[in-house]
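Visitor: Okay, handing you the structure first.
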Amino acid sequence: MTYIIAEPCIDIKDKSCVDVCPVDCIHEFERILIIDPEECIDCFAPSEQLVTSHGLRTFEELENTSCRVLTDSGFRPAFVKRFRRRPLVEIELAPAFEERDRYGGTRLTTRNVSRFRRTISATPTHRWLLSDGQQTDSLGVGQFVPAVKAQPSRDSETYRLGVLHGLVFGDGAWNKQEIRSGEHLHYVQLYGERVGKFRDFFDQVNFSPSLDVHPGYAGTGVVRSCANLKKLLPETADPEYIAGFIDGWLAADGDPVKAGSWRLRSTDHEALDWLERVAVLAGYVAVGSGEEGSIETNFGVRSRPIRWLYLATRETHWRVMSVNAEEADEADTFCAVVPGKHEFTLAGGVYTSNCGACEPECPVEAIFPEDALPDKWNAFVEINYAFPDPAKINTLVDKYADENDVHNEPIA
Ligand code: SF4
Ligand code: SF4
């Protein structure tokens, strides 16, 4: 089982833990409460990624650390833990959107969506939040899970610098002759409303009369930096900078395809892979990707095919397309404990419930993850695993209380 109730609960039984348990798996016995080991929740494979204020991280690399995870009310403090070994299932998800149905209402559908899929490795009984507000611990084909994305501030200096970087990366010019005193100079031609609206973000805008013949030319923005921004991805930047970078790149190179969606085409496959992973930090959900078949152009053959990525800003959901048992027998499982919220976001913006909800509620600190149970209370592993046998549990608890002279004071 994942959590164990230990000695401090004996004869206290105030039941603060019972109400918060999302799967009602804490049960009352004569002198103690016991957690049903089959029902108490486990979570994800070690390699699954979650969205933190420092970008995407795997559960494994965050083990036993505090972080801030993305929830539907912003970033919240969390603690990542390893749980017992369990068999896992692979859950395949496809992006879904709300559409009008023929009866004048709305429904969630995957229609018109590419074959884009996201897979999650989780325990079969993991607790999921559904798009209709319900919860389930047996996620099945056809159910919908909400997507959540960050909404970083877009009026900070960090955001402004990110936009300049994104504009240069997408459509700027860099020339190796123009490195002055270690400073790289980049130029962005400001054509069209989408790029032009960032004119005031530049510290310097030159005007080239020769370019004025092009309709919509609003000047040439100059960006100085200590590195070549045409090549550099802001991999370790914070969410505001990444939001600026993506907004700048989309303004320079993206095509709005539908209300609330962008398409970005590029031969820089590594940059698109990175963007697919981090888009959720900037308020976008990657919902489609692919590669163009032809690499012929009017100028010859391209060395790399063009790939494209669709980013949605509108409300997105994930439809469960399949749930299949994984071949490997069992694996360590991990989860993030998010006090007071019990929800967090996986890579791609997949929103999920989680647990550990009972632990902070106990006024006498009687609840522990099994692998964090203090040695002096090891006897409670046997007592908890005796569930659901009342005779055995009551006998074991009486014996323990006698032998250890337990006299817990009632809570005032
Ligand atoms: S960890 Fe969650 S599921 Fe398990 S007993 Fe506590 S509240 Fe219930
Ligand atoms: S909150 Fe703690 S003391 Fe109260 S019933 Fe639950 S485990 Fe026992």
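Visitor: Just need the relative contact order of the chain here, percent rounded to a whole number, with Cα pairs under 8 Å and 6+ apart.
Guide: On the way: 916 pairs, mean separation 112.2, N = 412.
Across the chain, relative contact order equals 27 percent.
Visitor: Just need the relative contact order of segment 157-312 here, percent rounded to a whole number, with Cα pairs under 8 Å and 6+ apart.
Guide: Details: 287 pairs, mean separation 38.8, N = 156.
Dividing the mean separation by the residue count of segment 157-312 yields 25 percent.
Visitor: Take each complete run of DSSP H in the chain, measure how far its Cα atoms stretch along the helix's own axis, and keep only those covering 15 Å or more with mean Kyte-Doolittle hydropathy at least -0.5; list them. Provide the component values of the computation, followed by the final result.
Guide: On the way: long enough: 157-171 (21 Å, 0.31); 239-253 (21 Å, 0.39); 390-403 (19 Å, -0.66).
Once both thresholds are applied, what remains is 157-171, 239-253.
Visitor: Continuing with the same structure: For the chain, build the charge dipole from Cβ charges (+1 Lys, Arg; -1 Asp, Glu) around the Cα centre, then report which of L161, V397, W128 sits farthest towards its positive end.
Guide: L161
Visitor: Check C21: other-chain or 5+ apart residues with amide H under 5 Å from its amide H, H built from backbone geometry?
Guide: Result for C21 returns nothing.
Visitor: Using +1 at the C-beta of Lys and Arg and -1 at the C-beta of Asp and Glu, which of Y385, I246, G221 has the Cα lying farthest in the positive direction of the dipole of the chain?
Guide: G221
Visitor: With no other cysteine's Cβ closer than 4.7 Å, which Cys residues of the chain count as lacking a disulfide-compatible partner?
Guide: C9, C21, C25, C40, C67, C226, C355, C362
Visitor: Counting only pairs 8 or more residues apart or on different chains, how many lysine pairs in the chain have their Cα atoms under 17 Å apart?
Guide: Details: K81/K341; K149/K341; K176/K230; K176/K231; K376/K399.
Going through the chain pair by pair, I get 5.
Visitor: Have a look at R111, R199, R307 and tell me which one the Gaussian network model of the chain (Cα, springs below 10 Å) gives the largest fluctuation.
Guide: R111
Visitor: Using the number of other C-beta atoms within 10 angstrom as an exposure proxy, rank L93, L167, L272 with the fewest first. Could the numbers behind the result be given before it?
Guide: Working: L93 24, L167 30, L272 20.
If I rank by nearby Cβ atoms, fewest first, I get L272, L93, L167.
Visitor: Taking the Cα centre of the chain as origin, work out the dipole magnitude from +1 charges on Lys and Arg Cβ and -1 charges on Asp and Glu Cβ, in debye rounded to 20. Let's see the in-between values first.
Guide: On the way: 43 positive and 65 negative charges, 521 e Å.
Result for the chain is approximately 2500 debye, rounded to the nearest 20.
Visitor: Something else now. Is it possible to state the helix-based mean residue ellipticity at 222 nm for the chain, with each DSSP H run of 4+ residues giving -39500 (n - 2.57), the sum divided by total residues, to the nearest 500 deg cm²/dmol? What is it?
Guide: -5000 deg cm²/dmol
Visitor: What is the dipole size for segment 359-412, taken about its Cα centre, with +1 at each Lys and Arg Cβ and -1 at each Asp and Glu Cβ, in debye to the nearest 20? Could the numbers behind the result be given before it?
Guide: Details: 3 positive and 13 negative charges, 33 e Å.
Value, rounded to 20: 160 debye.
Visitor: Put +1 on the Cβ of every Lys and Arg and -1 on every Asp and Glu Cβ in segment 157-312; which of G170, S261, L211 then has its Cα farthest towards the positive end of the dipole?
Guide: Positive-most Cα among the choices belongs to L211.
Visitor: Using amide H atoms built 1.01 Å from N in the peptide plane, name the residues 5+ places from E90, or on other chains, whose amide H lies under 5 Å from its own.
Guide: Under 5 Å from the amide H of E90 lie the amide H atoms of N324, A325, E326, each far enough along the sequence or on another chain.
Visitor: What size of dipole, in debye to the nearest 20, comes out for segment 157-312 about its Cα centre when the only charges are +1 on Lys and Arg C-beta atoms and -1 on Asp and Glu C-beta atoms?
Guide: Numbers: 16 positive and 21 negative charges, 40 e Å.
Using Cβ point charges on Lys, Arg, Asp and Glu, segment 157-312 gives about 200 debye.
Quick note: the coordinates plus some simple rules give every number you see, no bench work behind them. As the structure is a computational prediction, the values presented were derived from the model and not from experiment. Using ideal geometry, Cβ is built from the backbone for each residue, glycine included, and neighbour counts are taken over all protein chains shown.
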